[in-house]
1. So which of VAL171, VAL137, VAL158, VAL222 is part of a helix (DSSP H, G or I) and surrounded by 15 or more Cβ atoms within 10 Å (Cβ to Cβ)?
2. Return the pairs, sorted by first residue and then second, in which the second residue is assigned to a strand (DSSP E or B) and near the ligand (Cβ under 10 Å from one of its atoms), the first residue lies in segment 86-111 and is free of Cβ contacts under 8 Å to residues at least 24 places away in the same chain and farther than 15 Å from GLY177 by Cβ, the beta carbons are less than 9 Å apart, and the residues are 6+ apart or on different chains.
3. Among the residues of segment 143-153, are any surrounded by 18 or more Cβ atoms within 10 Å (Cβ to Cβ) and modelled with pLDDT of 95 or more?
4. Would you be able to tell me the number of residues in segment 103-123 that are under 12 Å from the mean Cα position of the chain (by Cα) and not in a helix (DSSP H, G or I)?
5. Out of the residues in segment 15-70 that are within 16 Å of the ligand (Cβ to nearest atom) and charged (D, E, K, R), state the one that is farthest from ASN90 (Cα to Cα).
6. ASP213 is checked against (1) at pLDDT 95 or above; (2) touching an Asp or Glu at 6+ places or on another chain (Cβ under 7 Å) and fails just one. What number does that condition carry?
7. Only one of ASP184, ASP230, ASP235 is of a type outside the set (Val, Ile, Thr) and under 30 Å from ARG140 (Cβ atoms); which?
8. Taking only segment 225-247 into account, find how many residues are aliphatic (A, V, I, L, M), exposed (fewer than 11 other Cβ atoms within 10 Å of the Cβ) and either touching a residue at least 60 places away in the same chain (Cβ under 8 Å) or closer than 26 Å to ARG153 by Cβ (or both).
Amino acid sequence: MWLLANDDGIHAPGLKALVAAASRLSDYVVVAPDGNRSGYSNALTLDKPLRVEQVDEQRYAVNGTPTDCVHLAINGLLPADPERVVSGINAGANLGDDALYSGTVAAAVEGRFLANTAVAFSVTSWTPSYWEDAAEVAFRLLSSLDTLRLPERTVLNVNIPDLPLAQIKGVRLTRLGHRLRASDVEPIVDPRGRRAFWIGVAGEPADSGDGTDFHAVANGYVSVTPLHADMTRYDTFSTLQGWLADL
Ligand code: MN
């Protein structure tokens, strides 16, 4: 049995597309937020209880974050551990620094303790035109996962160009690129005359050359980036060892 989750919420069209793909391959259960929780990253709700509404036989809506949903599912809600977590399909790319903020990626990361590699799917438009094509890409990728054995705590971050299947050129193994700083926050005045702000859009791609996730999707390829939850910066060890020795 697979656990399906997302961050766009239980009613999102991308989740329907993921169910269409996953249900051809496995039993499944959906545990998803009751509304849009994009940008919630790996947040856990610790200051209030989580309420679960069973929508139908296979779907549960939770008044929490994407990480809450997967955490809840694998730590008590479900009678047994699912075999893997599949998250998405998100409306909007999760490239480079987006992976830090993404609830879609976070839901998959929360499945890192399970037996099989978790997968996060995103399509590279906030208003996708080709959900069925993206679902077919997800189906093909998921259907070939059985034989794949990766180290524990690995997550695959998959970004699918918003294109008809016939125009997708293939699949590329990529690394995360980087973005420039986000644009400034947008100041507004609310209806009661108080100042407020909208968070602006993510920064433009900066490190986006050949081999990056940005480059793959910009050139019509599906991007597959292996991620892990270890944020240790190993390439600073020699510098820091010298610095610490001098303290
Ligand atoms: Mn989202």
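1. VAL137
2. Hits for this filter: zero, empty list.
3. no
4. 8
5. Restricting to residues being within 16 Å of the ligand (Cβ to nearest atom) and charged (D, E, K, R), the top hit is ASP68.
6. For ASP213, the failing item is (2).
7. Answer to the check: ASP230.
8. Selection size over segment 225-247: 2.
The values are calculated or read from the model by the stated rules, or taken from the named source; none is laboratory data. Every value quoted in this text rests on a predicted model; they were computed, and no experiment measured them. We place every Cβ from the backbone using ideal geometry, glycine too, and count neighbours over all the protein chains shown.
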